[in-house]
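Notes follow the structure.
Bear in mind that the values in this text are calculations on the coordinates, not laboratory data. Remember, predicted model here, so these are calculated numbers, not experimental data. Virtual Cβ from ideal backbone geometry, glycine too; neighbours counted across all protein chains shown.
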Amino acid sequence: MIEIDRITKTYDGVHAVDSVTMTVETGTITIIVGTSGSGKTTLLRMINRLEEPSSGEVRINGESTLATKPHLLRRRIGYAIQGHGLFPHHSVARNIGAVPELLNWPKDKISARVDELLTLFSMDPVAFRDRYPAELSGGQQQRVGVARALASRPDLLLMDEPFGALDPIIRSRAQDDLRRIQQRLGSTIMLVTHDMDEAIRLGDRVAVMDGGKLVQYATPAEIISQPATGFVADMVGDVERPLRLLSLIPVSEVVEDGAAEGGALPAGASLRDALAACLWTGRTAVPVAHDDAVVGRVTLDAIRARAELHA
Amino acid sequence: MTVAANRIVAGEGVTVLALAGAEVTLPGLVAILVGLTLGLPGAWPQLRLVGAIVGLAGLLWLLTHGASALLDGAGDYARVSPAVGFWCLLLIFMLLMADALANLAPGPLARGTLLAAVLAAAGIILWSGALSELSILQEYASRKAAFANAALRHLALALGSLATAAAVGFPLGILCHRRADLRETTLPVLSFLQTIPSLAMFGLMIPILGWVGNTLPGAQAIGIAGIGFAPAFLALVLYSLLPVVGNTVAGLASAPPAALEAARGMGMTPRQRLLRVELPLGLPVILTGVRIVLVQNIGLAVIAGLIGGGGFGTFVFQGLNQTAADLILLGALPTVALALVSAIVMDILVDLTRPTPKGGA
Amino acid sequence: MKIGIVLRPALIVLLLALVLRPAWFAPVFAPLAPANGPVIYERASLLSLSLSHLGLVAAATAAATLVAVTLAILVTRPSGAAFRPLSRTIANMGQTFPPVAVLALAVPVLGFGSGPTLVALFLYGLLPIFENAITALSTLPPATMEAARGIGLNRWQKLMRVELPLALPVILTGIRLSVVIALGTATIGSTVAARTLGEVIIAGLLTNNTAYVLQGGLIVGLFAVLIYDALVQLEAHLARRVGG
């Protein structure tokens, strides 16, 4: 459990981060979202003390981060940044093994861990271990960057706009990968982004920052249906709110018995996908399949009824 | 070619054709023509390389055979030296060779082997005595001991000042990298020093070191005096500081900011960041600074000859005083050769320290 | 920069006094001169030596600039691209030739006097200008070049109105490097009997007269530093105008 307790950062009398208090449960993804200058990155960097807080403190599993020397603290906390920050002169293996090397792990343990992580990120260890960052694609570089941050099995993984430099298609794959790996490893992740779509898509909880203050800290569904301030509503985008909400609800929640024409949707698809399929092909209902077997259908009326619950 | 009755008077020109019988000149001329035809059209660098080598061989042939033919029957003091035509052809072939090599872009190891081969070839040719009748080598023969001495002194000046500048400059560069205020005061002072013309710098060192030598007890005993080695050495060290410090700062700053941020974020101490990230990434730039200093100092050390600092400059300035062109060449050619060789060696080193394979996507 | 405001005029005044009224400094240099020897260089007027020195540098740099920039423009055109690797090779090799060696090598061919100095200054001055001009002309912002074509400038107009003005600050840096080298090399030119301020220093070295050495060294050093500084200011001014 990460407890952030009235943490404040002041530059020349201006509060970049103003008395933020929040608690992050172990094994969850928390997204900090805000516009540039909202203090979201400063907040993140105070957790591993890349910025020293002006006041307040952070406790990881009850222990204050101020009790450890900063560089020792950082070796326990994974850190991944935009533009990956890989060492251009080290091979992929040495990049991933950087923190274990700092922690003086034995060589064979490091190389086993490197291979394990590469496999986890769907990169063949034999093919990639000895390559240099410049020989990888943007998506691969980003995956190595996240693998490096996870290498020493840190208590917490901090990510600062990790997908910012990727193009939209690779970005959504990277987000899926992150979700999958987080669920597999049970890691605790705090991720900073300016992209509300990313926040809603990835976050178990979303923290919205504005002018250094934490204005709302809630689940994605709450953020969309009950924005706490006008700013949060703006970030969500009033017009798109219903669609965003639908994108959070899986079709399995409103599936009903019956048949429908045309191609089926998987049970994991969202109501937004179902709506799009209906509108695009002119149907009033689409079949839903689970493991290739049709289990029922979703109708336009059911989608409308579900959306109106929040209106 | 020119022949002269002795080494001071101007020689009279002799064209290639009048040099000797056709059986001697023909192979050389043919080789030069073949070399030019192969080398000048620039389609294939391999061909250009071969052309350059054939052409150089032709020149060498003419030089060795022509010299002995001309000296036959001339007086004891007669001197033979190659004339403008030879130097121009030599320059053209060397350029062709350099260009061909630049296009072929051989790896660092291949270049090292090639350099060693060229040096060995040059050494064998000089050693064999085939050229010993040329005036510049006659000049050399008459002052072998002085030449060896000058060579050692020249190297001591150039390399010693480089080592001193490095010993001072690297730590200073690292400090400047860390602290912006130090950087902003140090670099302008160093570039100011670099601006002072070399002769003036050497000159200004004389009264300063003379004063130190006369006032500090013991200073004279370790060789600090107004004239000679010490002022030349100190002037060279001062000139070397800017490239060393400037390139150290630039090299350390060349590490990508994201990589440094990541290094800090993963818990590296400042020392670990310097040793594991900044230095390895900056090494090529830092070594480029060393290359600049080395080439520059080999050239500037010539001026030490003027203030009794020794080195090849002694021959150059003696030659200038006596208007003896061969003596000037005896000083200038080794300097140029030394500068070229050290530039190539340093380039190879820079390539070897490049942290990532070249040409990666 | 604050130091510069005080220091610059002070150095200029010092330089002018050294060149125009050398006699004023007799008491300062006297302790350095040999007993009963002359203190102030009087074999030639320092002013005429300075003018001749600066004249040599100016002439050589002007010629080198003209040739180097023209060459750089030619090899950065599509039609001249084939010569670019060769010209770079020459430039790189040339740079390793020590200036003194160039000067010394010019003597056997050209004899003594200002001739070889001028040639050496010219040849050596070519390289930095050429190098910088090529860099400047080949790294212009592609969007600007595209826009220049887009608004219908022909090649000549594009060169004169867009490329050269944008490249000017970087070319000027090359000229500055070249001038500094030329000032130094011209000093050494005195060893081959060119009329420059080096004469004073060398006369001092030959007669063991440290006063001459210091006098000549100070004047040359001050010229170099002030000219360098002036060119730096000019560059900064131009770079601001280009919006660098």
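Brief remarks follow.
- Positive-end residue of B:Pro188, B:Phe202, B:Ser342, charge dipole of the stretch B:144-353 with Cβ unit charges: B:Pro188
- Here the protein assembly as shown is treated with +1 on each Lys and Arg Cβ and -1 on each Asp and Glu Cβ, and its dipole about the Cα centre works out to around 1500 debye.
- Based on C-alpha pairs under 8 angstrom that are at least 6 apart in sequence, chain C has a relative contact order of 27 percent.
- Two-site FRET efficiency, B:Leu182 against A:Gln226, from Cβ-Cβ distance with R₀ of 56 Å, rounded to 0.05: 0.50
- What you get for chain A, charging only the Cβ of Lys and Arg (+1) and of Asp and Glu (-1), is a dipole of about 940 debye around the Cα centre.
- Simple label model, 7 Å out from Cα along Cβ direction - A:Leu66 to B:Asn214, nm: 6.5 nm
- Cα gyration tensor shape of chain C, rounded if a/c is under 1.5, else prolate or oblate by comparing a/b with b/c: oblate
- Cβ-Cβ FRET estimate between A:Arg179 and B:Leu275, R0 fixed at 35 Å, reported to 0.05: 0.40
- Sites matching GluC sites (Glu not before Pro) across the stretch A:215-305 that sit in DSSP coil, with at most 15 neighbouring C-beta atoms within 10 Å: A:Glu261
- Segment B:Leu47..B:Ala102, full-extension length gain: 18.5 nm, with 0.36 nm per residue of separation and the alpha-carbon distance subtracted.
- Simple spin-label estimate for A:Met1 and B:Thr353 in nanometres, 7 Å along Cα-Cβ: 5.4 nm
- Considering only A:Thr119, A:Gly56, A:Ile96, and ranking their Cα positions along the charge dipole of the stretch A:41-124 that arises from unit charges at the beta-carbon of Lys, Arg, Asp and Glu, the one farthest toward the positive end is A:Gly56.
- The shape of the stretch B:180-309 comes out prolate: with a ≥ b ≥ c from the C-alpha gyration tensor, a/c is at least 1.5 and a/b beats b/c.
- Extended-chain gain in nm, criterion 0.36 nm per residue less alpha-carbon gap, C:Leu164 and C:Thr207: 10.5 nm
- Between the beta carbons of A:Glu253 and A:Ser172, assuming R0 = 22 Å, the FRET efficiency works out to 0.45 to the nearest 0.05.
- Residue (of A:Phe163, A:Ile110, A:Ile81) at the positive-pole extreme of the stretch A:2-237, dipole from beta-carbon charges: A:Ile110
- Spin-label pair C:Arg241-C:Val13: with each label point 7 Å from Cα along the Cα-Cβ axis, the two points sit 3.1 nm from one another.
- Gyration tensor verdict on the stretch A:63-182 (Cα atoms; rounded if a/c is under 1.5, prolate if a/b is larger than b/c, oblate otherwise): oblate
- Net charge dipole, the stretch A:1-50: roughly 160 debye, given to the nearest 20, about the Cα centre with Cβ charges of +1 for Lys and Arg and -1 for Asp and Glu.
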